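Remarks on the structure that follows.
The values are calculated or read from the model by the stated rules, or taken from the named source; none is laboratory data. Keep in mind that this is a model prediction, so the values were computed, not measured. Positions of Cβ are backbone-derived with ideal geometry, glycine not excepted, and every protein chain shown enters the neighbour counts. Areas reflect the complete protein model, heavy atoms only, side chains present, ligands, DNA and RNA absent. Shrake-Rupley method; radii C 1.70, N 1.55, O 1.52, S 1.80 Å.
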Amino acid sequence: MHEMSVAMSIVDIAVSQLKESDAARVLKVNVAVGELSGVEASAVEFCYSACARGTAAEGSELVIERVAARAVCPECSCEFHPEHSLAICPQCGDFGGKIVSGEELYVDQISVE
Amino acid sequence: MKIIDVKKDVLSKNDEIAAGIRGKLKDKGILALNFISSPGSGKTTLLVKTIEDLKSRIPIAVIEGDQQTDNDAKRIAATGVPVIQINTQSSCHLDAAMVEGALEKLGFVGPGLLFIENVGNLVCPASYDLGEEMKVALVSVTEGEDKPVKYPKAFRSSSAMVITKTDLLPHLDLDMARLLDYSTKVNPALKVFHLSAKSGDGLDDWYGFLLSMYHSLNP
């Protein structure tokens, strides 16, 4: 399951960042998940606490910041909300819409103590 | 409580490992291709045929990814080339760490061709860099015209699309023009091959492509 490995990577990043600080444990992890990242945010939330168990992030809160998808059509310059990662322009039907946001998948910040 | 700004890509560790693999393969003159497709598109059949026809000219090794069984690895092993099976268990894709471990076991010194057969799935494998030179997406003629638009990331992250099982075309209503139109719209740079590993049609073009890439890596 894709989301399990994503959740494990989030825990790994949080714990390695913690080690670089003088804090002892992770309280909260903020993660940006784009609408088109291919990752189901609710499934990551489901896996996270199990992945954090036994680490310095055990019991920490996972906050998922969902990033909306936006695309710009190279033909007519219209900005639109693509239904999926194939950004089809709703005005002129062009398939080459450039996705400007929505593919994010990164650990934004962590709260530690 | 203290807040630490991280801004680190979740897949960054995978990408770092993949970059390491890519560097090592290049140094050894190994051309690695990562094959992705739906289950049953004919990845293993194409690899077996390709190995049989090219192994006397170029050393070849294979990494097989499946959730369970070593059925595919056995088919590859029967051709006599080195093969490592990775069973991903619950995971739906290969990742760079799995490939790094498999490469150590494989002991393939190169130069040569390395075929990585990913888990049959057009979704997750598209997101994971394995250190390959390119991804190759397979779509069989029985799968209909719209795979490229249903799974655009797989076809956008690939450099080549191989349309397989073309010997079955007389029995099907596949609209080939539409399939090609969709794939071009999703990825205009996609290099397209039509072939049948069973009849042999189209294999020469495919082999020509592999050999020219291999020779440009190992002039």
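Some values worked out for this structure:
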item: Overall form of the range A:1-102 per C-alpha gyration tensor (a/c, 1.5; a/b vs b/c); result: prolate
item: Largest-first ordering by accessible area, 1.4 Å probe, given options A:Cys92, A:Cys78; result: A:Cys92, A:Cys78
item: Heavy atoms of B:Leu106 accessible to a 1.4 Å probe, total area in Å² rounded to 10; result: 20
item: Accessible area that becomes buried as B packs against A, both chains, 1.4 Å probe, Å², nearest 100; result: 2300
item: Probe 1.4 Å, all protein chains present, accessible-area order of B:Val149, B:Val109, A:Val100, largest first; result: B:Val109, A:Val100, B:Val149
item: Average accessible area per residue (Å²) across the protein assembly as shown - probe 1.4 Å, nucleic acids and ligands excluded; result: 45
item: With every protein chain in place, the range A:8-110: carbon and sulfur % of accessible area (1.4 Å); result: 47
item: The range B:1-78, accessible surface, carbon-and-sulfur percent (1.4 angstrom probe); result: 50
item: For B:7-18, mean number of other protein chain Cβ atoms within 10 Å; result: 5
item: Carbon/sulfur fraction of accessible area - the range B:132-191, other protein chains in place, 1.4 Å, %; result: 49
